[in-house]
2 protein chains.
Amino acid sequence: MLSGMDTKMYTVKQLADLAGVTPRTLRHYDQIGLLKPAKVSPNGYRHYDEQDVLRLQQILFFRELGFELDKIKAALQQPGFDLLSALQVHRLRLQERQLHTQRLIRTVDATIMHLIGEVLMSEKKLFEGFSEEKQQAHEAQAIENWGDGARETIKLWNSYSREKQAEIMAEGGRIYQEIANHIDTEPASSQVQANLAQWHQHLRNFYEPTFDMLRGLGDMYNEHPDFNATFTAIHPGLPAFLQQAINHYVDTLETEWLQRELGILKE
Amino acid sequence: MLSGMDTKMYTVKQLADLAGVTPRTLRHYDQIGLLKPAKVSPNGYRHYDEQDVLRLQQILFFRELGFELDKIKAALQQPGFDLLSALQVHRLRLQERQLHTQRLIRTVDATIMHLIGEVLMSEKKLFEGFSEEKQQAHEAQAIENWGDGARETIKLWNSYSREKQAEIMAEGGRIYQEIANHIDTEPASSQVQANLAQWHQHLRNFYEPTFDMLRGLGDMYNEHPDFNATFTAIHPGLPAFLQQAINHYVDTLETEWLQRELGILKE
DNA sequence: CATACGCTATGACGTAGCGTCAATGTCAAG
DNA sequence: CTTGACATTGACGCTACGTCATAGCGTATG
């Protein structure tokens, strides 16, 4: 019974600092039975030993992986816990989350482009012959509606001369009309793809779009009622056609970009 | 005052069904002031009009994008809300989440490989000359420790003949030794890369690893104390060298795979 | 020795966005 | 009048703690 008690013990704060968590976390783990201190003094103080430290490290490891505390508890206390399967299932969940987030990003991108479109639409109305004052008032209102985030776009737009503005607005409609004229060809036809290259350049007058933004635009042209109506007015089959053609265009663009990247990597 | 009140009104359930949410959600949105019904009957019943329907659709759209309800509230009620900036910020958050999840997947992959390694380690000990009974007992214990998920790996392992098992185990050490012998060359040297191709094949005896799993193994060999110690014992510089070499190996592999994929796409 | 300071303890509420009872009232149909 | 579907308002539950509030304990200092 006189065996040396030279094992180090830690108070809550010591262990907390050691592991990079707060004392509250340790109390919580105690409460839910995830990590009980090796010993509790008569005064109620918790004391953790080396084994507890190891267990805490394991807990924190699984926590980092995104496991819920009760899963961790199960994994650490039941020896028959199917850890490998749990990890594989977890991996699948993470992958799904990846895909979900990917879709969200696309939708956000499309929404950004949509808003910019609306800002410019209101600008377009304004632009139909008004005084400088009115223009500034309108700009103020656009910022009211869309926030400072729109200011950059508006600024860029206002940096163009009146002639260039007119030219750009006209070009928008022209491109879509042009594509509609070739709607009996394949969406991947060189004619249509050339038009889309122009469309891409056209968009850059307002905003530098990412690949996902372009794809998002294609989806939105087809699926969003407002846009769909606009393009259907030009030609009934245009929305679906546009979506396919844009997807092809962006795929090609991305493939080329990838190959350039790979080429650089290989050197 | 006799103007026709022909606007359609919806009860909670009707609107809920229409929008694909539960009545509870609508009550919640009412509580937090996000969507107040156009009218409340004397009996306390909520009645929504067409405008409410539109507003709800906007709410649900932003909710899908992952916005918090109070942000949505702000965006919909304050005209000066900087929607465009909010979307851009949100996009950044989503991208960060993408990266984070990507790292998690890698770590999970590495952990899976780690576990399989441990299962086989225990198998290896067993394998040092014991009876069939003991082997089966040991297998049972491995399943106790690692769960049914390990059974597949063990099964696969047991499907090999004793001679092949011995050969495989020996090969593991041999490959690492071989790599250590070339540690004075570049990690990208053809010698080392050839060894890693063997290593890759070797791993396939147990499990078909993904690219991320291989990379994760490389990280773990270097960063995880157990593995690091094992490889340091072979050669002090081996862990870091291995990690670099493995990264190069997987990069090359992935590049080649991508190019094949792109080649197929281009046809 | 009183005091101050730092650490400890135990509640208990707050978070986000509803799900899920529970108890009760209302309305149209049979 | 009864039944059943729908309405209402609480109120607790969930995740993993953060953040008080209140009070006891331990040690160094004046």
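For the range A:176-201, give me each residue that is open to solvent by less than 60 Å² (accessible area, probe 1.4 Å), closer than 17 Å to residue A:251 by Cα and part of a loop (DSSP other than H, G, I, E, B). Those that are open to solvent by less than 60 Å² (accessible area, probe 1.4 Å), closer than 17 Å to residue A:251 by Cα and part of a loop (DSSP other than H, G, I, E, B): A:187, A:188, A:189. Counted as qualifying within the range B:1-99 are the helices (runs of 4 or more DSSP H) with 1 or more residues that are within 11 Å of DNA strand D (Cβ to nearest atom) and β-branched (Val, Ile, Thr), namely B:12-19.
The set of residues in the range B:3-50 being open to solvent by 70 Å² or more (accessible area, probe 1.4 Å) and of a type in the set (Lys, Arg) consists of B:8, B:13, B:24, B:27, B:36, B:39.
Within the range A:206-225, not a single residue is without any contact (Cβ under 8 Å) to a residue 12 or more places away in the chain, open to solvent by 50 Å² or more (accessible area, probe 1.4 Å) and of a type in the set (A, V, I, L, M, F, W, C). Of the residues making up the range B:56-70, those that are over 12 Å from residue B:32 (Cβ atoms) and among the charged types (D, E, K, R) are B:63, B:64. Residues of the range B:249-267 include at least one that is over 28 Å from residue A:58 (Cβ atoms) and outside any helix (DSSP H, G or I).
Yes/no matrix, rows are residues, columns are (1) within 12 Å of DNA strand C (Cβ to nearest atom); (2) more than 42 Å from the chain's Cα centre (by Cα); (3) within 29 Å of residue A:104 (Cα to Cα):
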{"site": "B:9", "(1), (2), (3)": "no, yes, no"}
{"site": "B:18", "(1), (2), (3)": "no, no, yes"}
{"site": "B:25", "(1), (2), (3)": "yes, no, yes"}
{"site": "B:39", "(1), (2), (3)": "no, yes, no"}
{"site": "B:45", "(1), (2), (3)": "yes, yes, no"}
{"site": "B:51", "(1), (2), (3)": "no, no, yes"}
{"site": "B:55", "(1), (2), (3)": "no, no, yes"}
{"site": "B:66", "(1), (2), (3)": "yes, no, yes"}
{"site": "B:75", "(1), (2), (3)": "no, no, yes"}
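Any residue that is in contact with a Lys or Arg (Cβ under 6 Å, 6 or more places away or on another chain) and closer than 24 Å to residue B:91 by Cβ - is there at least one of those in the range A:190-208? No: zero hits.
The values are calculated or read from the model by the stated rules, or taken from the named source; none is laboratory data. Not measured: the values here are computed from a predicted model. Ideal geometry is used to build each Cβ from the backbone, glycine not excepted, and the neighbour counts take in all protein chains shown. Please note that ligands, DNA and RNA were not included when accessible areas were found on the heavy atoms of the full protein model with its side chains. Shrake-Rupley method; radii C 1.70, N 1.55, O 1.52, S 1.80 Å.
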